[in-house]
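Notes follow the structure.
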Amino acid sequence: VYDHSSNYRFTPGVAGYYSINAQVTSANTADFNVFTMRIYKNGSTIASMQVRHTYADTITISTIDLSDDNDYYEIYVRQNSGGNSDIRNLNDYNWFQAFKIIT
């Protein structure tokens, strides 16, 4: 129930507890202070992870959340390198997963 064509959101469709996990690896080789990933539920932050970015750093985040059938989840990444910054273009480095763990 992940929409990979328009709004890029995960909407469970069935109420219960869900494990939400993501990882992103930067293609930027510079060092900078802020490399943050957040999990949003219905537009509000429910989990956040921040690191100081070093050479092509990776950031991973996980949370468990109680969801209704119509809640939606999004992942956002922020960095402060001073310009646009790409992520590594390989599935092994960047992923999102969500699965129901209990009702």
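The values are calculated or read from the model by the stated rules, or taken from the named source; none is laboratory data. Being a predicted model, the structure only gives us computed values, none of them experimental. Counting neighbours? That spans all protein chains shown, and the Cβs are built from the backbone with ideal geometry, glycine included. For the accessible areas, the whole protein counts, side chains as well, though only heavy atoms, and no ligand, DNA or RNA atoms are used. Shrake-Rupley method; radii C 1.70, N 1.55, O 1.52, S 1.80 Å.
From the largest down, the chain spans 43, 24, 22 angstrom on the principal axes of its Cα atoms.
Each residue of the stretch 28-42 was assigned a 3J(HN,Hα) from its phi angle through the Karplus curve 6.51 cos²θ - 1.76 cosθ + 1.60 (θ = phi - 60°); the sequence is 6, 9, 7, 9, 8, 7, 10, 9, 10, 10, 10, 9, 10, 10, 6 Hz, with glycine and proline shown as x. By the compact-protein rule of thumb, 2.2 N^0.38 Å, the alpha-carbon radius of gyration of the stretch 46-103 corresponds to a ratio of 1.39. Near the amide H of SER67, within less than 5 Å, lie the amide hydrogens of GLY16, TYR17, TYR18, all on another chain or at least 5 residues away, with H placed in the peptide plane. Solvent exposure of the chain, expressed per residue, is 61 Å² of accessible area, with all protein chains present and a 1.4 angstrom probe.
Which log10 I(q)/I(0) values, to two decimals, does the stretch 27-79 give at q = 0.14, 0.25 Å⁻¹ under the Debye formula with one point per Cα? For the requested q values the scattering log ratios are -0.42, -0.92. In the chain, what percent of the accessible surface is made up of carbon and sulfur (1.4 Å probe, ligands and nucleic acids excluded)? With neighbouring chains kept in place, the figure for the chain is 45 percent. Label separation (ASP3 vs SER85): 2.9 nm, computed from points 7 Å beyond Cα along the C-beta direction. Measuring between their Cα centroids, the stretch 53-103 and the stretch 1-17 lie 14 Å from each other. Look at the alpha carbon pairs under 8 Å that are at least 6 residues apart: their mean separation over the length of the chain gives a relative contact order of 41 percent. Taking packing as the residue-averaged number of other Cβ atoms within 10 angstrom, the listed peptides 37-49, 4-16 run from highest to lowest as 37-49, 4-16.
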